[in-house]
1. What about Val77, is it in contact with a Phe, Trp or Tyr (Cβ under 6 Å, 6 or more places away or on another chain), of a type outside the set (Ser, Thr, Tyr), within 15 Å of Ile96 (Cα to Cα) and at pLDDT 90 or above?
2. Could you count how many residues in region 304-345 are out of contact with any strand residue (DSSP E or B) (no Cβ under 6 Å at 6 or more places or on another chain) and among the acidic types (Asp, Glu)?
3. Considering only residues that are among the β-branched types (Val, Ile, Thr) and within 13 Å of Ile187 (Cα to Cα), which ones fall in region 198-230?
4. Among the numbered criteria (1) under 30 Å from Ala189 (Cβ atoms); (2) open to solvent by 10 Å² or more (accessible area, probe 1.4 Å), which single criterion is violated by Lys361?
5. For region 68-91, what are the residues that are in a loop (DSSP other than H, G, I, E, B), open to solvent by 60 Å² or more (accessible area, probe 1.4 Å) and not hydrophobic (A, V, I, L, M, F, W, C)?
6. Within region 313-358, how many residues are over 16 Å from the mean Cα position of the chain (by Cα) and free of Cβ contacts under 8 Å to residues at least 12 places away in the same chain?
7. Which count do you get for residues in region 285-333 that are at pLDDT below 75 and in a loop (DSSP other than H, G, I, E, B)?
Amino acid sequence: MKILAVTACPVGIAHTYMAAENLQKAGEELGVDIKVETQGSIGIENGLTDQDIAEADGIIIAADKEVPKDRFIGKKVIVTGVQDGIRKPKELIEKIKSGDVPLYRPELKSVGEIKQKSKQKENPIYKHLMSGVSYMVPFIVVGGLLIALALTLGGEQTPGGIVIPEGSFWKQIETLGATSFMFMIPILAGFIAVSIADRPGLVPGMIGGYIAANGSFYGSEAGAGFIGGIIAGFLAGYIALGIKKIKVPKAVLPVMPIIFIPIFSSVIVGLLFIFVIGAPVAQIFEGLTSMLAGMQGASSILLAVILGAMIAVDMGGPFNKVAFLFGSAMIAEGNYEIMGPIAVAICIPPIGMGLATLMNKKKYLPNEREAGKASFTMGLFGITEGAIPFAAQDPIRVIPSIVAGSVVGSVIAMLGNVGGKVAHGGPIVAVLGAVDHVVMFFIAAIAGVLVTAFMVNFLKKDVETVSNDKIQEESNSIAPEQEVEQEIEKLVDITNVELMNINLAGTTRDAVIDELIGKFDSQGILTSKDEYKQAILNREEQSSTGLGMNIAIPHGKSNAVKRPAVAFGIKRDGIDWNSLDGTDAKLIFMIAVPEENAGDAHLKILQMLSRKLMDEDFRNQLLNVSSKQEAMAVLEEVH
């Protein structure tokens, strides 16, 4: 067997090396091949290699400061304090040898942490483009919602479709929406330029964007659209940046950003667009728009597949934003059937992952289930990034699942002629009336969500939950000594309705202990109540058996116990048990085992309880029982 260890303390002097030495000695005595990495004041010594980690049967981290654990993913890892490395090296090694140690799974990182890390690697061109898009999107959202509201509330059905009467109040609202759309491309170009050249790029960028959107400058009816706006923004930004770098007299420097740079760069960008760039780009954009408008059958389905996959594959990253920008630009051109499938695809990854955590809790750790609730809510509001923590932790299973779901939803939306009038996604846009064919929108979204949830749960394995660290410490701290004479397969093998009290009367910890000991005594399990109580109190003096989450598991091994047994009590208003998380104990399990077979009995009983008591639904079931028989039926699940 090969075991690895890492020792570290805040100062990095004595304790780091004392723990390393004791672990080495313990390994030699136990016949275990052990290598210890020290992270002391002089840096890392005897560092663990990738090969060491690959070959290791388990890892012990004995440290009082943060030790990065990402390299140990998938390995059995014990994390404890440096003092345990000094005082309990043999116990730590024995734990690894027993094999009853959880596999390390990294904590879920927040969306913000993951996005911040990706920004550090971001391509500057993409960064500038996304800067422009972020300022442009509110104009599309406002314009789309105002027009959608005007049509919904003020429109009249005619043979040619819904029309808003001229001169009406809602016609003015529609005009406001159209005005907001008019700013879209100038804003996009202006803030791309600002991202490149700072404020001096704003004026030339917006002027270039306006010219790109207005084809009359270069003899085009439609203009160069969002493609022209992007070109104008980058052109203005880099021209302004180039002019900024020209050395000029100090007397001229103060007015460079407000006069010379904007004037010269605006003239250069404007003339280039009018005489060189505008017309060719406009022709390309007109052709693209016509092609998309004419897409039917297989070609439209292929487009939906591509857009759905791009939206989901990086959840707010470059592919997602390119697809989103494309759909947004089509809204401005009056083509709503591109944004419709995108609006559906946007919400499927976060809602799908949220639903998956609710459907099968065995597949997810408690922190993942909490993240699932947040992800579901984010999806309702069209925030694809809610799925990022799941994809970052398990990309091989999660990304194919969310891509498949988004593709299915996008294709159904395209076939159902779902239109999106707002550059946004999720049920929120449908509720606000910014979607055509609302019923098909929800059918597409639900289908995609179900595909994601079922697929990811099919691919994922059940997590190896080892409960709470405190329970695990209790169950592993007692070495087996002798075989238990009574075979214990289920908790109900060693308890019965007569060992239960679902309405404990005691108002203090010791009073509750007396009540449960009384249950043991009445069933002839004890030869001496006082002797067994002293064993319980001796254990409480070492550290509280209040484990948090409203659970306490007092236990004692004593020659006064005839056979292993468990008494169970409920204190509905709670009792102070000095629990680790400060919660009062409401579910109390008292374990009694004979001294001669304490090791195996304690271990088995604690492991049974630990697996089930981490399940919040199970705890709630117990708290809500109304009879001993009902409690016994619930405890049948503990095995």
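The values are calculated or read from the model by the stated rules, or taken from the named source; none is laboratory data. As the structure is a computational prediction, the values presented were derived from the model and not from experiment. So basically every Cβ, Gly included, is an ideal-geometry build from the backbone, and we count neighbours across all protein chains shown. All accessible areas refer to the heavy atoms of the entire protein, side chains included, with ligands and DNA or RNA removed. Shrake-Rupley method; radii C 1.70, N 1.55, O 1.52, S 1.80 Å.
1. Answer is yes for this residue.
2. 2
3. Val203, Ile207, Ile211, Ile230
4. So the condition that Lys361 fails would be (1).
5. Answer for region 68-91, where residues must be in a loop (DSSP other than H, G, I, E, B), open to solvent by 60 Å² or more (accessible area, probe 1.4 Å) and not hydrophobic (A, V, I, L, M, F, W, C): Pro68, Lys88.
6. The total comes to 2.
7. Total meeting the criteria: 7.
Let's see how each residue does on (1) open to solvent by 60 Å² or more (accessible area, probe 1.4 Å); (2) in contact (Cβ under 8 Å) with a residue 12 or more places away in the chain; (3) in contact with a Phe, Trp or Tyr (Cβ under 8 Å, 6 or more places away or on another chain):
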site	(1), (2), (3)
Ile196	no, yes, yes
Pro200	no, yes, no
Ser216	yes, no, no
Gly219	yes, yes, no
Gly223	no, yes, yes
Ile227	no, yes, yes
Pro254	yes, no, no
